[in-house]
Amino acid sequence: METAASPASHPCTALPLHSPLPHQGAASVQQLEQRGLNAWPAPRSAVVGDWLLRSAAGHTKRANSANALQPGAALTAQLLRQIEDFYAQQQLPCIFRLSPLAGGGVDELLHAEGYRIVDPSIVMQRAAQADDAQWQPAAGLTLELDAQLGQRWLEGHCAASAHPPHLQHAHRMILQSIGMRCAYASLLQAGEVRAWGLAVFERDAAGLYEVLVHPAHRGQGLGRQMLQALLRWAARQGATHTDLQVRDGNRAAQRLYASLGFAPAYGYHYRVKS
């Protein structure tokens, strides 16, 4: 998931922003967006016009941004002021996450109002494969799966990702708010957790989140092992597809996902007031 708002020096090159692939119609994008919102819930939210406003004490832009709810979601200057007021009440910056559901003219309006593009990203999707359910961890690795958030998983993930202490509570609140079927995965080596991951199952599909390898143990293929572990869990739940999000600039992650069969579905980006 996204954790920081950093300026983008170039537009998304892997997939045009706001563009679904030809086979991804508006209904498919809307379903993926809904599932993503459900899998990463915000403890506080409001619906204003065609937009879902989400607030989670500032932890991740996805949980602290305005998201289009339906194709052609419209934004006027008056509606923008109402959305800005909502985030001012939360003492948070006003952020828009613009998927292909955002209507024509939204990007232009926000640009004119001084909102800059940050973190162009891609939603990638993969169809289930016949051998997903048969995967086994590599020698020397042990996989642990829990249906509920555990203290060990949370503390380890927060420490490895260097979350500031003031955001750790918000992280916990987001995870504890997930209402769908979950798998919290831990990959152990020599008795120590080296990688973490989360899969959320909904409507015959699974989303992958929070995949993280401890910084001291990267470059050993543990990220691939974690992804395969989550894909096995998804297959055993009956998932027909799996999806994830990745920043456009993270080429190494995109290559890894592509090697496992993930392909771009559509692009999105954020706009943040300069």
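The values are calculated or read from the model by the stated rules, or taken from the named source; none is laboratory data. The structure displayed is predicted, hence computed values, not measured ones. Don't worry about glycine lacking a Cβ; one is built from the backbone with ideal geometry, like all the others, and counts go over all protein chains shown.
Results, tabulated for the structure shown:
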| quantity | calculated |
| --- | --- |
| The range 243-259, residues that are in contact with a strand residue (DSSP E or B) (Cβ under 7 Å, 6 or more places away or on another chain) and assigned to a loop (DSSP other than H, G, I, E, B) | Asp248 |
| Flag for Gly104 being modelled with pLDDT under 95 and more than 21 Å from the chain's Cα centre (by Cα) | yes |
| Filter result for the condition that a residue is modelled with pLDDT of 95 or more, within 24 Å of Ala127 (Cβ to Cβ), touching a His at 6+ places or on another chain (Cβ under 7 Å) and of a type in the set (Gly, Ala, Ser), over Ala160, Ala199, Ala205, Ala185 | Ala205 |
| Verdict on Ala63 being assigned to a loop (DSSP other than H, G, I, E, B), surrounded by 20 or more Cβ atoms within 10 Å (Cβ to Cβ) and either at pLDDT 95 or above or touching a Ser or Thr at 6+ places or on another chain (Cβ under 6 Å) (or both) | no |
| So Glu210, is it in contact with a strand residue (DSSP E or B) (Cβ under 8 Å, 6 or more places away or on another chain), at positive phi and either among the aliphatic types (A, V, I, L, M) or in a strand (DSSP E or B) (or both) | yes |
| Extreme residue, nearest to Leu208 (Cα to Cα), among residues of the range 150-184 that are of a type in the set (A, V, I, L, M, F, W, C) and surrounded by fewer than 16 Cβ atoms within 10 Å (Cβ to Cβ) | Met180 |
| Matching residues, the range 192-207, being touching a residue at least 40 places away in the same chain (Cβ under 8 Å) and either in contact with a Gly (Cβ under 6 Å, 6 or more places away or on another chain) or not in a strand (DSSP E or B) (or both) | Val193, Val200, Arg203 |
| Selection count, the range 113-137, where residues are within 21 Å of Gln245 (Cα to Cα) and not in a loop (DSSP other than H, G, I, E, B) | 13 |
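Okay, residues lined up against (1) among the β-branched types (Val, Ile, Thr); (2) more than 20 Å from Pro137 (Cα to Cα); (3) more than 17 Å from the chain's Cα centre (by Cα); (4) not assigned by TED's automatic domain parsing to the domain that holds Tyr184:
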position	(1), (2), (3), (4)
Asp204	no, yes, yes, no
Val213	yes, no, no, no
Gln245	no, yes, no, yes
Arg255	no, yes, yes, yes
